[in-house]
1. Which of the lysines could be linked to residue 39 by a straight reach, that is with a Cα gap under 25 Å, when you skip same-chain ones fewer than 8 residues away?
2. Ignoring ligands, DNA and RNA, what percent of the accessible area of the chain is carbon or sulfur (1.4 Å)?
3. How would 152, 146 rank on accessible area, largest to smallest, probe 1.4 Å?
4. Please find, in a Gaussian network model of the chain (springs between Cα atoms separated by less than 10 Å), the residue of 141, 79, 41 whose mean-square fluctuation is greatest.
5. Please give the helix 43-54 orientation as an angle from the longest Cα principal axis of the chain, in degrees from 0 to 90, rounded to the nearest 10.
6. Tell me, what is the per residue accessible area of the chain in Å², probe radius 1.4 Å?
7. Using a cut-off of 15 Å between beta-carbons, work out the net charge of the residues near residue 145 (Lys and Arg +1, Asp and Glu -1, residue 145 not included).
8. What is the spin-label model distance, in nm, from residue 172 to residue 96 if the labels are put 7 Å beyond Cα along the C-beta direction?
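The values are calculated or read from the model by the stated rules, or taken from the named source; none is laboratory data. Because the structure is predicted, anything quoted here is derived from the model rather than measured. Here the Cβ positions follow ideal geometry from the backbone for every residue, glycine too, while neighbour counts run over all protein chains shown. These area figures cover heavy atoms from the full protein model, side chains too; ligands, DNA and RNA do not enter into them. Shrake-Rupley method; radii C 1.70, N 1.55, O 1.52, S 1.80 Å.
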Amino acid sequence: MIDATTGIENQDLKIATMAWENGCGLIIVVNKWDIKEEKGDKTSAHFTKEAIEKAPYLAFVPFLFVSARTGQRVAKVLDLVMQVDAERQKRITTSQVNDTLEQLLARRQPPQAAGQEVKLMYATQVNVAPPTFAVFGNHPDLVAEHYVRYLHNGFREAWGFTGSPLRIVLRSRAA
């Protein structure tokens, strides 16, 4: 829960980051929205944008602007908790994962490293809460970090996983 009058502070970010890195679902509830000064049509969007600039993973986290005093949108908190939990528990079939991986590979192949051809063959979801995908290839250790982010963004675009961290584990085809 964030205080709308002070904005997102360092301690808030530390707690959120710790929760995210430990695989917890996350919802940002911004309280005291009723007394936020200089509120306009885009104030909530601006608040969210500033938070995402401080911690980019917050782009995948829902924000809810409430007032505990007036009760504004408070009833929506539980609905959002249930939605994020459902996203964390979502199971994607191996065929859907491989279809999406195939589309991502068709759009952009992994960069080749030091004269070695890097190929990603197939993938599967190996866990839920948080959703974890294993991507199998011939040289998983040579896949660049930016390409893993590309796969991460592609999987999120395909299935959402709102409010939940998403893990991608690269494995050798032989393992």
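1. 49, 54, 76
2. 51 percent
3. These residues rank, largest area first, as 146, 152.
4. 41
5. 50 degrees
6. It amounts to 57 Å² per residue over the chain.
7. +2
8. 3.2 nm
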